[in-house]
Each structure stands twice: as structure tokens, then as C-alpha cells.
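Below is one structure; the comments refer to it alone.
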Amino acid sequence: MNTKKIVIAGGPGTGKTSIINELIKRGYTCYEEISREITLEARKQGIEQLFLTKPLLFSELLLKGRVKQFKEAESSDRDLVFLDRGIPDIVAYMNYSGDDYPDYFTEACKNHEYDQIFVLEPWQEIFVSDSERYESFEQAIEIHNHLIEAYQNNNYTLKNVPFDTVEARTDYILNTVKNL
């Protein structure tokens, strides 16, 4: 089966997780964001913000996890699989932080192609910081710009998801992927 791999991308606090949860509620196969679990695991080892203290290690762990998710999605028996973020997100965050990274990060982007990328723009009304999301809204806008660049550098056509209720945003995504 040729499973369509659909990425829900966007900066912090844009509603990605809410949409993924709505898709799960509707019976779709979804792969959830893994950066929070990496952050929480690092905290158990005494590192408050792994991305800030060891960005390359954090990004390598993310890359490993997202490649694993990609391969699992690719071998799925479902028509559609949704992923909360894709591999290019890692490059975008490294570019945002100004850290250098090995070529295998950009090679991973090229070697793992998604079928559609939906982008959620920064939305002040729903943005909330918490213990794992340390960025301000202004930083979220900057990250968003790096995300757009990272996906466009990998030749993706991006679909912007309009601001609306979680249900309406999810409907928009599902109606759009029907045409793939």
C-alpha cells in the first residue's frame, strides 16, 4: 500500500497537537510530537532544557525518532498517516538557534519525502508557554519563518491552515488530502 504521509507543521503553540488529537479522535493514525518526551527524559537526568544546553544531541535524538516514525508510517496499512512535525523541522530549529549540524540532517530531509505539508501560522490568541515550551510568541514567529524556509528548501508546496476551531481546521486538512 502507498500510505500518504501528511505532516502537520508549525512553530510552538500553533495548535498542532490539538489537531493531531482531533484526528486521533476521528480514527486516523497519527504520530505525535516526540520533542516533549525527549525533554522530559533529559530532565530525569538533571538537564532542564536539553535543546538549549546540548542542541546537537537533542536534534540527533529527534532525528532518530522522526526517521523511525517516517519508516513506521511508510509501512502502515492505512491510506493516510499524520505526523506532528517532520524531519525538516529539525533543520529549521537548528537554523533558528544558529547551531551547526552535520550534513546527514539535510540528507535525511531529502531521503524521507512526505506527501503533503500543512503549516499552522503563529496565532497569538491560542499561544501558551509552559515548562516544555520556553519560547515567546515573538520567537514562535521567528521559528515559523525558519520552518517555511526549511520545507521550501526541500521543494515542498505548503498548505496554510486557516485560523478557526480545532474541528474546522481538521476538516480543512481532511478535505484537502482527499485530493491527493
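Each reported figure results from applying straightforward, stated rules to the coordinates on display, with no laboratory input. Everything numeric here is computed off the predicted structure, so don't read it as measured data. Because the Cβ atoms are built from the backbone with ideal geometry, glycine has one as well, and the counts that use them run over all protein chains shown.
The table below lists the values:
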quantity: Cβ-Cβ FRET estimate between Val166 and Glu107, R0 fixed at 30 Å, reported to 0.05; calculated: 0.30
quantity: Spatially proximal aspartates and glutamates relative to Lys178 (Cα-Cα < 15 Å; intrachain offsets below 8 disregarded); calculated: Asp79, Asp115
quantity: Two-site FRET efficiency, Gln49 against Asn21, from Cβ-Cβ distance with R₀ of 25 Å, rounded to 0.05; calculated: 0.50
quantity: Where the Cα pairs of segment 76-180 fall when distances are cut into 10 Å bins, in %; calculated: 12, 41, 36, 11, 0
quantity: Violating pairs (Cα-Cα greater than 20 angstrom) within the set Lys5/Lys54; Lys4/Lys71; Lys25/Lys68; Lys4/Lys68; calculated: Lys5/Lys54; Lys25/Lys68
quantity: Extension gain, Lys64 back to Ile126 (0.36 nm per residue minus Cα-Cα distance, nm); calculated: 19.3 nm
quantity: Under the Debye formula (equal points on every Cα, no solvent term), log10 I(q)/I(0) of segment 9-68 at q = 0.17 Å⁻¹; calculated: -0.67
quantity: Ranked list, fewest to most other Cβ atoms within 10 Å of each Cβ, for Leu62, Leu40, Leu147; calculated: Leu40, Leu62, Leu147
quantity: Virtual spin-label span in nm between Asn175 and Thr157, 7 Å along Cα→Cβ; calculated: 1.9
quantity: For the chain, calculated [θ]222 nm from helices alone, where every DSSP H run of n ≥ 4 adds -39500 (n - 2.57); calculated: -16000 deg cm²/dmol
quantity: Residues Asp89, Asp84, Asp171, sorted so that the one with the fewest Cβ neighbours within 10 Å comes first; calculated: Asp171, Asp84, Asp89
quantity: Cβ-based exposure ranking for Lys71, Lys4, Lys54, in which fewest neighbours within 10 Å come first; calculated: Lys71, Lys54, Lys4
